Amino acid sequence: MGNTGADSAGVQSVDRAVTILEIMAREGDVGVTEIAAELGVHKSTAFRLVNTLERRGLVEQDSDRGKYRLGVALLRLAGATQKQLDLVQESRVVTQRLAVEVGETVNVTVMSDGAALYIDQAAGPSALQIHNWVGRRIPLHATSNGKVLLAFHSYRRLSDVVRSPLERFTEHTVSSLRQLESQLATVRETGYAVAVNELELGLTAIAGPVYDSRGHVIASVSASGPGFRLEGRIDQVAASVVAAGEAISRRLGWHSSTAVGSVDRR
């Protein structure tokens, strides 16, 4: 409770910083005096905000006129967003086809802040109640998608990516890094991951990798549904999922000869 004032000030500073970026996007080059006037703050406050943004490369100063404009660091942020948009766009036709083929829910995920971020979903005809995973971050160790991303990640130590102790969702969730390492070795050997009752009781999921044009694993695609429907056909669904991952990869410029078995850091 004692931090309420500091928290409010922090939120206000963030809001003002975003407003500065919006001003520059609208006006182009602007001076600190103009920024201060639009924000309704003292010039020194506006300067501190701009200076912070400049240190992070989000804005840059025109040395001749002393005005500020948007910086190149925004291009990196925009590029990361564009990659995800491209991935969703290029995978959509494949995931919809896969969902119809296997009759289950299909998801595409990427690694984000040490979790599997679900960025797109397609529902198969057998999925009666659709649970929308898009936008959710799920711990990497508890899902087939996460295990695919981990299996092909270029980490030095698994503990650098996955925090220990591992969170337990059910009694079947992998509980140790050693056990997880063993599972990841199997994923690398078979080319796909399977999670049964690990995130939710009764849920089975099978995932395969998605490669970019350089041969790096940048995403995973999965099919998931009730265990009673998937039991006995995991091998068949796995083959379809892996084929779908390769189809998406080819749409992103991948060729099988370029696969290097590592995932881009995000």
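The values are calculated or read from the model by the stated rules, or taken from the named source; none is laboratory data. Values in this document were obtained by computation on a predicted structure and should not be read as measured data. Glycine gets a Cβ as well: all are built from the backbone with ideal geometry, and neighbour counts include every protein chain shown. With ligands, DNA and RNA removed, areas are computed over all heavy atoms of the protein, side chains included. Shrake-Rupley method; radii C 1.70, N 1.55, O 1.52, S 1.80 Å.
Pairing residues of segment 7-31 that are at pLDDT 85 or above with residues that are open to solvent by 70 Å² or more (accessible area, probe 1.4 Å), at Cβ distances under 7 Å and at least 6 apart in sequence or on separate chains, gives 23/38; 24/69; 29/65; 29/69.
Residue-by-condition table, conditions (1) under 19 Å from residue 196 (Cβ atoms); (2) surrounded by 13 or more Cβ atoms within 10 Å (Cβ to Cβ); (3) of a type in the set (Lys, Arg):
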{"residue": "108", "(1), (2), (3)": "no, yes, no"}
{"residue": "119", "(1), (2), (3)": "no, yes, no"}
{"residue": "125", "(1), (2), (3)": "no, no, no"}
{"residue": "135", "(1), (2), (3)": "no, no, no"}
{"residue": "142", "(1), (2), (3)": "yes, yes, no"}
{"residue": "145", "(1), (2), (3)": "yes, yes, no"}
{"residue": "151", "(1), (2), (3)": "yes, yes, no"}
{"residue": "158", "(1), (2), (3)": "no, yes, no"}
{"residue": "162", "(1), (2), (3)": "no, yes, no"}
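Which of the residues spanning segment 40-54 are of a type in the set (D, E, K, R) and over 19 Å from residue 11 (Cβ atoms)?
Residues satisfying the conditions are 43, 54.
Of all residues in segment 88-106, those being acidic (Asp, Glu) and open to solvent by 10 Å² or more (accessible area, probe 1.4 Å) number 2.
Kindly indicate whether residue 45 is crowded, with 16+ Cβ neighbours inside 10 Å, modelled with pLDDT of 90 or more and closer than 30 Å to residue 126 by Cβ. So residue 45 does not fit the description; no. Residues of segment 126-156 that are in a loop (DSSP other than H, G, I, E, B) and in contact with a Lys or Arg (Cβ under 8 Å, 6 or more places away or on another chain): 126, 152, 154. If the condition is being more than 30 Å from residue 229 (Cβ to Cβ) and at pLDDT 85 or above, then segment 58-101 contributes 58, 59, 60, 61, 67, 68, 69, 70. Report yes if some residue within segment 112-124 is aromatic (Phe, Trp, Tyr), within 17 Å of residue 223 (Cβ to Cβ) and modelled with pLDDT of 85 or more; otherwise report no. Yes, because at least one residue in segment 112-124 is aromatic (Phe, Trp, Tyr), within 17 Å of residue 223 (Cβ to Cβ) and modelled with pLDDT of 85 or more. Among the conditions (1) open to solvent by 40 Å² or more (accessible area, probe 1.4 Å); (2) at pLDDT below 95, the only one that residue 227 does not satisfy is (1). Number of residues in segment 164-181 that are out of contact with any Asp or Glu (no Cβ under 6 Å at 6 or more places or on another chain) and either open to solvent by less than 90 Å² (accessible area, probe 1.4 Å) or among the small types (Gly, Ala, Ser) (or both): the value is 11.
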